[in-house]
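Asks: Shown below is the structure under consideration.
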Amino acid sequence: MAICSCQNEKQRPNIILILSDDHATAAISAYGNSLIETPNIDKLAKQGMRFNNCFNVVSLCGPSRAAILSGRYSVHNGFIRNGNSFDRNQLTFPKLLQQNGYETAIIGKWHLVTQPDGFDYYNVIPSQGQYFDCLMKETGQEWEDRDKGGVVQKGYLTEVITDKAINWLKNRNEKKPFCL
């Protein structure tokens, strides 16, 4: 099933989805808070797409991520609470994008226990992570569920994730649209 009726690859949009924990609209100036300044988030909101009516179906990070990936409520995708294991064989939007010619990647917090599927590249924090010198698991390494395996990435986590995302963007297949 095609998800885009665009005639050529140049018409197909690139997608960058940024998930950040604990950022309610009241904590972002793009949504009208005049006491807080978030200039970089505001720039993204102005140049990209800002959701004015978006609600999560569950406020825990793992189940929320599973719902976003699968498009299904937690009771249907099987990831009801943190600590569950995400069924990587179910249909997800990255798999649909791959089937339709997109290059896909996920970099950052995963928190879904099982190996990411539907991504051409991943470099993920397997669970909650820590702010400095965090364990990450990358495509090509042997996968072990939970906090087993992976390599400690030196540095402040936000900078590590940002650098890895920029590196992936610079080295991706430029002939394909992408979703990061």
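The values are calculated or read from the model by the stated rules, or taken from the named source; none is laboratory data. Given the structure is predicted, the values throughout are model-derived calculations rather than measurements. In this analysis, Cβ positions are derived from the backbone assuming ideal geometry, glycine residues included, and neighbour counts consider all displayed protein chains. Areas reflect the complete protein model, heavy atoms only, side chains present, ligands, DNA and RNA absent. Shrake-Rupley method; radii C 1.70, N 1.55, O 1.52, S 1.80 Å.
Asks: Can you tally the net charge around TYR121? Count Lys and Arg as +1, Asp and Glu as -1, for every other residue whose Cβ sits under 14 Å from the Cβ of TYR121.
Replies: So the surrounding residues net to +1.
Asks: Cut-off under 27 Å on the C-alpha distance; same-chain residues fewer than 8 positions from LYS170 excluded. Which lysines are left, in chain and number order?
Replies: Answer for LYS170, where 27 Å is the Cα cut-off: LYS10, LYS43, LYS46, LYS95, LYS109, LYS137, LYS154, listed by chain and number.
Asks: Within 10 Å, count the other beta carbons around each residue, average over each peptide in 115-126, 42-53, 73-84, 146-157, and list them highest first.
Replies: Per-residue Cβ counts within 10 Å, averaged per peptide and sorted highest first, yield 115-126, 73-84, 146-157, 42-53.
Asks: With +1 on the Cβ of every Lys and Arg and -1 on the Cβ of every Asp and Glu, and nothing else charged, how large is the dipole of the chain about its Cα centre, in debye rounded to the nearest 20?
Replies: Using Cβ point charges on Lys, Arg, Asp and Glu, the chain gives about 460 debye.
Asks: Full-extension gain between VAL57 and ASP42, please, as 0.36 nm times their residue separation minus the C-alpha to C-alpha distance.
Replies: Fully extending the segment from VAL57 to ASP42 adds 2.9 nm.
Asks: Expressed as a whole percentage, what fraction of the accessible surface of the range 8-148 belongs to carbon and sulfur atoms when a 1.4 Å probe is rolled over the protein heavy atoms?
Replies: Here it works out to 52 percent.
Asks: Rounded, prolate or oblate: which fits the chain when a ≥ b ≥ c are the square roots of the eigenvalues of the alpha-carbon gyration tensor, with rounded for a/c under 1.5 and prolate only if a/b beats b/c?
Replies: Rounded is the answer for the chain, as its axis ratio a/c remains below 1.5.
Asks: Now, a different point. Can you give the accessible area per residue of the range 76-127, in Å², using a 1.4 Å probe?
Replies: 37 Å²
Asks: For ILE161, ILE16, what's the largest-to-smallest order of accessible area, 1.4 Å probe?
Replies: The residues order as ILE16, ILE161, largest area first.
Asks: Looking at the chain, which longest stretch skips every one of the GluC sites (Glu not before Pro) that is in a DSSP loop with at most 11 other Cβ atoms within 10 Å, leaving the sites themselves out?
Replies: 38-141
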